[in-house]
Amino acid sequence: MNLRRTLATFLFTTLFVGLVAVGHQVKAQTSQAASPASFTQTEPANDETNLDTQLYLLIATNQDVDDTKLTAALEPVVKQLRASLPFKNYRLVATLINRVKNEGRLNLKWIGGPLFASASSASAGAPSFNEFSVNSVKLVRDGAGREYIRMDQFRFGARVPIQTLQTVASTGAGFPVINYEPTGLGTDISIREGEPAIVGTLNVGPSGDAIILVMTARRTVK
């Protein structure tokens, strides 16, 4: 009789403790689910800011050129170039204007006119094949809160005509041959909004001329 009573008491106690534990667990789960801290943060609204970019291709040369006029925006850049590079003339051969979304990418390929002005060379009238790309264009701030435009994986490449002299073995006579040679640069840069910045220079051709890349970007005016 005592054994039956003891067994019944044990079963009742175990059942009661189990129910209480389950109740606490359910309550804890309900409280956790209702906590705002447990919600997954929603993605912020897409940034629809657009940026207008301008890539200037300058040719620096010691040869005489017909047109050396430059836009007013490039005057400070050319003044800086004259102080550091010993070239007599600078001329603008291409201006590429494009629009890209903030945090977007940009990729261009084009066939341009002759890059070099030398009329004595057979390659003077040959076109150039060019490519320009930026993997990411993004508005950023530095530690002091100043705004910049960052361009990750900035790439420029060109295939330029180079004239060489081919000799015929049987006669010994020579004739000009034009071969296209690749040149280019790649970098990561940050520039101030609306301020032209020199990205880099590329020396090309036997004349010692140089391609100079200048970049500027600003937010689109709506």
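The values are calculated or read from the model by the stated rules, or taken from the named source; none is laboratory data. Fair warning: this is a prediction, and the values are worked out from it, not measured in the lab. Cβ coordinates were reconstructed from backbone atoms using ideal geometry, including for glycine residues, and neighbour counts include every protein chain displayed.
Within the group ARG146, ARG141, ARG155, which residue is more than 30 Å from PRO176 (Cβ to Cβ), at pLDDT 95 or above and among the basic types (Lys, Arg)?
Values: ARG146 fails: at pLDDT 95 or above; ARG141 fails: at pLDDT 95 or above.
From the options ARG146, ARG141, ARG155, the qualifying one is ARG155.
Residue count for region 170-194, restricted to those that are charged (D, E, K, R) and loosely packed, with under 14 Cβ neighbours inside 10 Å: 2.
The set of residues in region 104-126 being crowded, with 16+ Cβ neighbours inside 10 Å and either more than 15 Å from the chain's Cα centre (by Cα) or at pLDDT below 95 (or both) consists of PRO114, LEU115, PHE116, ALA117, SER118, SER121, SER123, ALA126.
Annotation: of all residues in region 201-218 being in contact with a Gly (Cβ under 9 Å, 6 or more places away or on another chain) and not aliphatic (A, V, I, L, M), the one that is farthest from VAL77 (Cα to Cα) is ARG218.
Across region 202-222, what is the number of residues that are surrounded by fewer than 16 Cβ atoms within 10 Å (Cβ to Cβ) and not small (Gly, Ala, Ser)? Walk me through it before giving the result.
To start, the set of residues in region 202-222 that are surrounded by fewer than 16 Cβ atoms within 10 Å (Cβ to Cβ) comprises 203, 206-208, 218-222.
Cutting the leftovers down to not small (Gly, Ala, Ser) gives us 203, 206, 218-222.
Residues that pass the stated criteria total 7.
Inspect all residues belonging to region 201-214 and state whether any of them is of a type outside the set (A, V, I, L, M, F, W, C) and within 15 Å of ASP152 (Cα to Cα). Checking region 201-214: not a single residue is of a type outside the set (A, V, I, L, M, F, W, C) and within 15 Å of ASP152 (Cα to Cα). Entry remark, region 173-222: residues being in a loop (DSSP other than H, G, I, E, B) and either touching an Asp or Glu at 6+ places or on another chain (Cβ under 7 Å) or free of Cβ contacts under 8 Å to residues at least 60 places away in the same chain (or both) number 9 in total.
Can you report the number of residues in region 93-103 which are of a type outside the set (A, V, I, L, M) and either surrounded by fewer than 14 Cβ atoms within 10 Å (Cβ to Cβ) or part of a strand (DSSP E or B) (or both)? Walk me through it before giving the result.
Taking region 93-103 first, the residues of a type outside the set (A, V, I, L, M) are 95, 98-99, 101-103.
Still in the running and either surrounded by fewer than 14 Cβ atoms within 10 Å (Cβ to Cβ) or part of a strand (DSSP E or B) (or both): 95, 98-99, 101.
The qualifying residues number 4.
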